[in-house]
Amino acid sequence: MPRFRPKTLALAVTALAFHVDTLLYYLLVPLLPAYARELRLNQMEVGILFGSYAVALLLATVPLAVLTDRFGRRRPMLWGLAGLGVTTLVFAFSHQFWLLVLARTLQGVAGAATWLPGMALLADHFPSGERGRAMGTAFAAANLGVLAGPPLSGFLAQQAGPSAPFLLGAVLVALDAAGRAFLLPEVAAAPGPRLPFRQLLANPVVRLFSGAMTLGSGLWALLESMLPLDMDRRLGLSATGIGLCFAAAALSHTFTSPLMGRLSDRAGRLPVLRIGLVLAALLLPLPALLPKAWMVVGAMMALGATASFLMSPCSPAVADQVERLGSQSFASAFSILNLAYAVGMMVGPLAGGALVEGLGLPMALGVSGLGFGAFLLATRGFSG
């Protein structure tokens, strides 16, 4: 039996963990109407059910980062499995609203216990010149969960009942558990000084790439919240057609993410980020201006690749800074990126909605594009 190198195992286990976590998150999306009907949930209760994941992820991020840097990567990833297993079974068999909210909350905690140690594990095993490719590959595996989760859940629920998607999820959690328990390389607690959050936030490069992560996640959130109504009203697309447009963007992001990570290894993190900012400024208004559906699909694919330019360099750039400070407090640094990502997800739809109300969709997207151009100016004076 061939013996795999520890970094190969670390990448394989992390990619599987990210894929399973993301797929389980998206299994719920097509089932929300059925839960609302069965449990007689109003819109506020549906929002609470869906949003409890994000709240838990935000609250758990910093504590789990500290634990990951203090006790090593393996144990927190194993702790997260307990939450994933419980939530999956509760969703499969529960018919009480409060239990579903509790399960979704635990799922958010488990997500933090997956992503923070996983990213830190990759930073531990891959040197600076290989981090972009490794992290981009793990992100691509997560994006496959975004693509597969909703259609798979809808198909299984229609064919075998609403519990079927989560029973499949339980099988995937068991597979994920085997990987984490038996293949995950043992990594000692991070050597070197543990960097306080204040010191990390004082680093201008960490702040710059955290801002870029906020813009990248805000780009997705803006498109997801603003474009479907326009596609329906202006282009007459069905729900399936709208879904295919966003699937094209997600597919493009999936395939380009490891490529942009690799490019950032070779050409530097900042050049890749700057290309993404220029592309975002130019391309963002196009989906609201193009007259044909196939043209919009092309624009969405271009924006999917743009998101890879924006986001793929962020994690390796922050890891590089931690290493230059003589530490391996990678999880603490990645928790800042997690928070930045969450901020973008929350602010994007709110800011976009306000702009659309005042200016209309094409002008709102144009103004948003100018925001990316303004951030490009903020990168002056940085190198690398």
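The values are calculated or read from the model by the stated rules, or taken from the named source; none is laboratory data. Bear in mind the structure is a predicted one, so any value in this text is a computation, not a measurement. Glycine gets a Cβ as well: all are built from the backbone with ideal geometry, and neighbour counts include every protein chain shown. Ligands, DNA and RNA are stripped out before the accessible areas are found, and what is left, the full protein with its side chains, is counted by its heavy atoms. Shrake-Rupley method; radii C 1.70, N 1.55, O 1.52, S 1.80 Å.
In debye to the nearest 20, how big a dipole does the chain give about its Cα centre with +1 on each Lys and Arg Cβ and -1 on each Asp and Glu Cβ? Mind dumping the intermediate values first?
Working: 25 positive and 15 negative charges, 153 e Å.
Magnitude of the dipole: close to 740 debye.
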Placing +1 on each Lys and Arg Cβ and -1 on each Asp and Glu Cβ in segment 15-103, then taking the dipole about the Cα centre, the residue among 94, 84, 71 whose Cα reaches farthest towards the positive end is 71
Mind jotting down a quarter of the surface of the convex hull over the alpha carbons of segment 72-134, in square nanometres, one decimal? 4.8 nm²
Using modelled backbone amide H atoms (1.01 Å from N, in-plane), which distant-in-sequence or interchain residues come within less than 5 Å of residue 360's amide H? none
Accessible solvent surface per residue of segment 241-319, calculated while the other protein chains remain in place, 1.4 angstrom probe, Å²: 34 Å²
5 angstrom amide H check on residue 329, placed H, neighbours 5+ away: 195
Less than 13 Å Cβ to Cβ from residue 113, Lys/Arg counted +1 and Asp/Glu -1: what total charge do the surrounding residues give? +2
So which residue, out of 71, 372, 91, gets the largest mean-square fluctuation from a GNM of the chain using Cα contacts under 10 Å as springs? 71
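Would you calculate the volume per residue, in Å³, of the smallest convex hull containing every Cα atom of segment 279-328? Walk me through the intermediate numbers first.
Values: hull volume 3.2 nm³, N = 50.
Normalising the Cα hull of segment 279-328 by residue number yields 64 Å³.
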For segment 203-221 and segment 126-176, what is the separation of their Cα centres, given in Å? 25 Å
Between 178, 65, 12, where does the largest GNM mean-square fluctuation fall for the chain, given springs only between Cα atoms within less than 10 Å? 178
Using the C-alpha atoms of segment 184-306, what convex hull volume per residue, in cubic angstrom, is computed? 154 Å³
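From Cα pairs below 8 angstrom and at least 6 apart in sequence, can you work out the relative contact order of segment 71-149, rounded to a whole percent? Write down the numbers at each step before the final one.
Working: 47 pairs, mean separation 25.7, N = 79.
The normalised contact order for segment 71-149 reaches 33 percent.
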Overall dimensions of segment 58-164 by Cα: Rg and Dmax, Å: 16.3, 50
Relative contact order of the chain, please, whole-number percent, based on alpha carbon pairs below 8 angstrom and at least 6 residues apart. 25 percent
Please report Rg (one decimal) and Dmax (integer) in Å for the Cα set of segment 1-118. 16.0, 55
When the Karplus curve 6.51 cos²θ - 1.76 cosθ + 1.60 is applied with θ = phi - 60°, which whole-Hz ³J(HN,Hα) does each residue of segment 284-294 get, with x for Gly and Pro? 4, x, 4, x, 8, 10, 6, x, 10, 4, 5
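What accessible area per residue, rounded to a whole number of Å², is obtained for segment 55-171 using a probe radius of 1.4 Å?
Values: 4350 Å² over 117 residues.
Computed with neighbouring chains in place, this is 37 Å² per residue.
Rounded to the nearest percent, how much of the accessible area of the chain (1.4 Å probe, protein heavy atoms only) is carbon and sulfur? Mind showing how you got there, number by number?
Values: 11600 of 16490 Å².
Carbon and sulfur: 70 percent of the exposed surface of the chain.
Based on the alpha-carbon gyration tensor of segment 38-99 and its eigenvalue square roots a ≥ b ≥ c, which shape applies: rounded if a/c is under 1.5, prolate if not and a/b is larger than b/c, or oblate?
On the way: a/c = 5.39, a/b = 1.90, b/c = 2.84.
Verdict is oblate for segment 38-99.
Given all pairs of different Cα atoms, what value in angstroms does the Kirkwood hydrodynamic radius of the chain take? Can you show the working numbers first?
Working: mean 1/r = 0.0471 Å⁻¹.
It works out to 21.2 Å.
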Using a 10 angstrom cutoff on alpha carbons, build the Gaussian network for the chain and name the most mobile of 346, 213, 260. 346
